[in-house]
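Peer 1: Structure provided below as structure tokens; questions to follow.
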Amino acid sequence: MRSAACAHWGDGRSRTARHLFFMLLSAVRIRAIGFIRIFVPMTVIRLTKEFSFEAAHALDGYDGPCREVHGHSYRLFVTVRGVPQGDERSPKYGMVMDFGDLKRLVHEQIVSRLDHAFVLRRTAANETLLAALRLRFDRVVLVDYQPTCENMLADFARRLRGGLPTGVELHALKLHETAASYAEWYADDNADRL
């Protein structure tokens, strides 16, 4: 049994009313979609790119075996976050950041500097060692910190943040010294230090 409302929509006299109702509904939907597209902000997206480099280091003054010269096959994961480009006329439309631009930045600031290098803390005691090393090797990098995985990440964060495009933030870094040992840096954990 049909209700009175259903019977009303089904009779011939209401065909025009029904047609107008559905036209109005369609127009409202189109306007609502346009409204949502214009006024609802895009979603924040995180992009991650992986890098690798080989480097040696020695932990000056450390009380374990890592005080000796040794090397690692480092794996670095760089995560940035932002809102994808919303301008349809932009060649970067739909992108938070071009992966090629991120690769270029990380290579300039980190990989090209440290790949196949010996990383050593700058101390008075290391000056003599440094002079001897530079007679034989070109890729000796002096840093103002103990070159642990943790300190390297803090240095990487500082170097990368300045080169990111407007609207893109460094979100996280993860640096593996070995397959099972890594350190992580998160922007949220360091908001008061940035």
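Peer 1: Give region 43-65 a look and list any residue that's surrounded by 14 or more Cβ atoms within 10 Å (Cβ to Cβ) and under 20 Å from PHE137 (Cβ atoms), or say none.
Peer 2: PHE53, ALA55, ALA56, HIS57, ALA58, LEU59, ASP60
Peer 1: Under 6 Å between Cβ atoms, at least 6 apart or on separate chains: pull out the pairs that start in region 133-147 with a residue that is within 11 Å of PHE118 (Cα to Cα) and end on any residue that is assigned to a helix (DSSP H, G or I) and open to solvent by less than 100 Å² (accessible area, probe 1.4 Å).
Peer 2: Between residues of region 133-147 that are within 11 Å of PHE118 (Cα to Cα) and residues that are assigned to a helix (DSSP H, G or I) and open to solvent by less than 100 Å² (accessible area, probe 1.4 Å), the close pairs are VAL140/LEU133.
Peer 1: When region 122-133 is examined, which residues are found to be out of contact with any strand residue (DSSP E or B) (no Cβ under 6 Å at 6 or more places or on another chain) and of a type outside the set (Asp, Glu)? Working first, answer last.
Peer 2: Residues of region 122-133 that are out of contact with any strand residue (DSSP E or B) (no Cβ under 6 Å at 6 or more places or on another chain), as a first pass: 123-125, 127-132.
Those that are out of contact with any strand residue (DSSP E or B) (no Cβ under 6 Å at 6 or more places or on another chain) and of a type outside the set (Asp, Glu): THR123, ALA124, ALA125, THR128, LEU129, LEU130, ALA131, ALA132.
Peer 1: Quick check: is even one residue across region 151-171 touching a residue at least 12 places away in the same chain (Cβ under 8 Å), of a type outside the set (Asp, Glu) and in contact with a His (Cβ under 9 Å, 6 or more places away or on another chain)? Steps first, answer last, please.
Peer 2: Pass one, region 151-171, residues touching a residue at least 12 places away in the same chain (Cβ under 8 Å): 152-157, 159-161, 163-165, 167-171.
Now restrict to residues that are of a type outside the set (Asp, Glu): 152-154, 156-157, 159-161, 163-165, 167-168, 170-171.
Of the ones still in play, those that are also in contact with a His (Cβ under 9 Å, 6 or more places away or on another chain) are 152.
Yes: one or more hits.
Peer 1: Out of all the residues in region 97-125, which are β-branched (Val, Ile, Thr) and at pLDDT below 95? Walk me through it before giving the result.
Peer 2: Residues of region 97-125 that are β-branched (Val, Ile, Thr), as a first pass: 106, 110-111, 119, 123.
THR123, the sole residue that qualifies.
Peer 1: Do any strands (runs of 3 or more DSSP E) entirely within region 128-194 hold 3 or more residues that are among the small types (Gly, Ala, Ser), and if so, which?
Peer 2: Working: elements: 140-143, 169-176, 182-186.
Strands (runs of 3 or more DSSP E) meeting the threshold: none at all.
Peer 1: Pull up region 142-158, narrow it to residues that are open to solvent by less than 10 Å² (accessible area, probe 1.4 Å) and within 22 Å of THR128 (Cα to Cα), then point me to the one that is farthest from the chain's Cα centre (by Cα).
Peer 2: Applying the filter and picking the extreme gives VAL143.
Peer 1: Select from region 88-123 the residues that are under 20 Å from the mean Cα position of the chain (by Cα), basic (Lys, Arg) and exposed (fewer than 13 other Cβ atoms within 10 Å of the Cβ) and list them in ascending order.
Peer 2: ARG104
Peer 1: All but one of (1) in contact with a Phe, Trp or Tyr (Cβ under 8 Å, 6 or more places away or on another chain); (2) open to solvent by less than 70 Å² (accessible area, probe 1.4 Å) hold for ARG139; state the number of the condition that does not hold.
Peer 2: For ARG139, the exception is condition (2).
The values are calculated or read from the model by the stated rules, or taken from the named source; none is laboratory data. Model, not experiment: these values are computed from the prediction. All Cβ positions, even for glycine, are placed from backbone atoms using ideal geometry, and neighbour counts span all protein chains on display. In case anyone asks, the SASA skips ligands and DNA or RNA and just uses the protein heavy atoms, side chains included. Shrake-Rupley method; radii C 1.70, N 1.55, O 1.52, S 1.80 Å.
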